[in-house]
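Undergrad: Starting off with a structure, shown below.
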Amino acid sequence: MTFPSLHRLSFVERRPESVNVYSFIFDHGNRVRWRAGQHFIFWIPSLDLWIQHNSRAFSVSSAPSEGHIRITTRYFAEKGSKFKHRLFNMKQGDRIIAFGPLQRFYLNEGFSRHCGVAGGIGITPLRSLLVQLDADSSIAPFTLFYQNARPPIIFDEELRAIATRRPNIRVIELMDPAHIDAEALKREMGDLAGIAFYVSGSPGYIKAIEVMLRGLGVNDEQITQDGFWDFRERVVHVLRACFEHKD
């Protein structure tokens, strides 16, 4: 197990991924260990902003096998947060502080089959999972349902390439008004017993998917979710991580 701790990262580059979606790449000097799907709380050191306005929790969209830390987020210049404005304007070599890894959103090896359900930018931890499965040449069956409101689809080419290389991995992309429902899930997955579900997206999206899954008889042990945190939740998770890993 990797205990959460503070890490200093160095900014490398910004990459456009889609309309108003960017990835930010950081070098960790081969010092940070995490499992695909986990996330960190990121803080840009500043004397003129409270930590509440200068920190955010992000799932890491890169896999450990890629050798860097990558976070992917939406950015709107006219209405972005102070944190995102600073993130967007970082220069090569600028420093950011990361605390983690946090949360158990990683492959549950106690199950024989796996199913990811992502809405929009919630794809980030599931990209990490699939990239790592690909790098490990894993034979674990994994089906991803990926819901988007409109094109272009984030990571579309990468995800399709992985599914082409790995017959055990399927990527099912859905565009509004099409959506993942109980009928589609049963049609594509069959018997839901023995499947681990990984749900990521907005709080409302996660709640709707969890209600659907429980209505189909899926129990809590089968469901792992990765949601978006506000400042209070970030503080709670930091404190919880410290106490959970206290010697």
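What follows is calculated from the coordinates using simple rules that are stated; it is not laboratory data. Owing to the predicted nature of the structure, the values given are computational and were not obtained by experimental measurement. Reconstructed Cβ throughout: ideal geometry from the backbone, glycine too, with neighbour counts over all protein chains shown.
Undergrad: Work out how far the C-alpha atoms of the stretch 113-226 reach from end to end along every principal axis, then list the three figures in whole Å, largest first.
TA: 34, 31, 24
Undergrad: Mind pulling the angle between the C-alpha long axis of helix 231-244 and the longest principal axis of the chain? Nearest 10 degrees, somewhere in 0 to 90.
TA: 80
Undergrad: Among the chymotrypsin sites (Phe, Trp or Tyr not before Pro) within the stretch 1-105, which fall in a DSSP loop and have no more than 11 other Cβ atoms within 10 Å of their own Cβ?
TA: The qualifying sites are TRP50, PHE76.
Undergrad: Further question: Dipole of the stretch 113-226, Cα-centred, from +1 at each Lys and Arg C-beta and -1 at each Asp and Glu C-beta, to the nearest 20 debye?
TA: Once rounded to the nearest 20, the dipole reads 140 debye.
Undergrad: Follow-up. Test of understanding: in a Gaussian network model of the chain with alpha carbons linked when under 10 Å, which of ASP27, ASP136, ASP226 would top the mean-square fluctuation ranking?
TA: ASP136
Undergrad: Using only Cα atoms, figure out Rg for the stretch 79-169 and give it as a multiple of 2.2 N^0.38 Å.
TA: 1.32
Undergrad: While we're here: Return the calculated 222 nm mean residue ellipticity for the chain, to the nearest 500 deg cm²/dmol, obtained by summing -39500 (n - 2.57) across DSSP H runs with n ≥ 4 and dividing by the residue count.
TA: Calculated mean residue ellipticity at 222 nm is -8000 deg cm²/dmol.
Undergrad: For ARG214 and ARG14 in one chain, what is 0.36 nm times their gap in residues minus the Cα-Cα distance, to one decimal in nm?
TA: That works out to 68.1 nm of additional length.
Undergrad: Now a separate question. Compute a Gaussian network model of the chain, connecting alpha carbons closer than 10 Å, and tell me which residue from PRO125, PRO101, PRO152 fluctuates the most.
TA: Checking each option, the largest mean-square fluctuation is seen for PRO152.
Undergrad: Could you compute the longest span of the chain free of trypsin sites (Lys or Arg not before Pro) located in DSSP loops and having at most 11 other Cβ atoms within 10 Å, not counting the site residues?
TA: The longest such stretch corresponds to 105-245.
Undergrad: Residue-wise, which Karplus ³J(HN,Hα) couplings in Hz belong to the stretch 35-42, taking 6.51 cos²θ - 1.76 cosθ + 1.60, θ = phi - 60°, and x for glycine or proline?
TA: 9, 3, x, 7, 9, 9, 9, 10
Undergrad: Moving on to the next point. Over the chain, calculate the relative contact order: mean separation of alpha carbon pairs under 8 Å at least 6 apart, over the residue count, as a percent.
TA: 20
Undergrad: Residues with amide H under 5 Å of HIS39's amide H, sequence separation 5 or more or different chain, H placed in the peptide plane at 1.01 Å from N; which?
TA: VAL60, LEU102
Undergrad: So what's the convex hull volume per residue for the Cα atoms of the stretch 1-124, in Å³?
TA: In the stretch 1-124, the Cα hull volume divided by residue count equals 121 Å³.
Undergrad: Quick one: what are the phi-derived ³J(HN,Hα) couplings along the stretch 76-90, Karplus 6.51/-1.76/1.60 with θ = phi - 60°, whole Hz, x for glycine and proline?
TA: Result, ordered by residue: 10, 4, 7, 9, x, 5, 4, 4, 5, 4, 5, 4, 4, 9, 5 Hz.
Undergrad: Would you kindly give the portion of the calculated P(r) for the chain that falls above 25 Å, as a percent of all Cα pairs?
TA: Cα-Cα pairs of the chain separated by over 25 Å account for 42 percent.
Undergrad: Convert each backbone phi in the stretch 131-136 into a coupling constant with the Karplus relation 6.51 cos²θ - 1.76 cosθ + 1.60 (shift: θ = phi - 60°), then list the ³J(HN,Hα) values in order as whole Hz, x for Gly and Pro.
TA: Whole-Hz 3J(HN,Hα) from phi for the stretch 131-136: 4, 5, 4, 5, 5, 7.
Undergrad: For the chain, the longest stretch holding no GluC sites (Glu not before Pro) located in a DSSP loop with at most 11 other Cβ atoms within 10 Å is which?
TA: With a cap of 11 other Cβ atoms within 10 Å, the longest stretch comes to 110-247.
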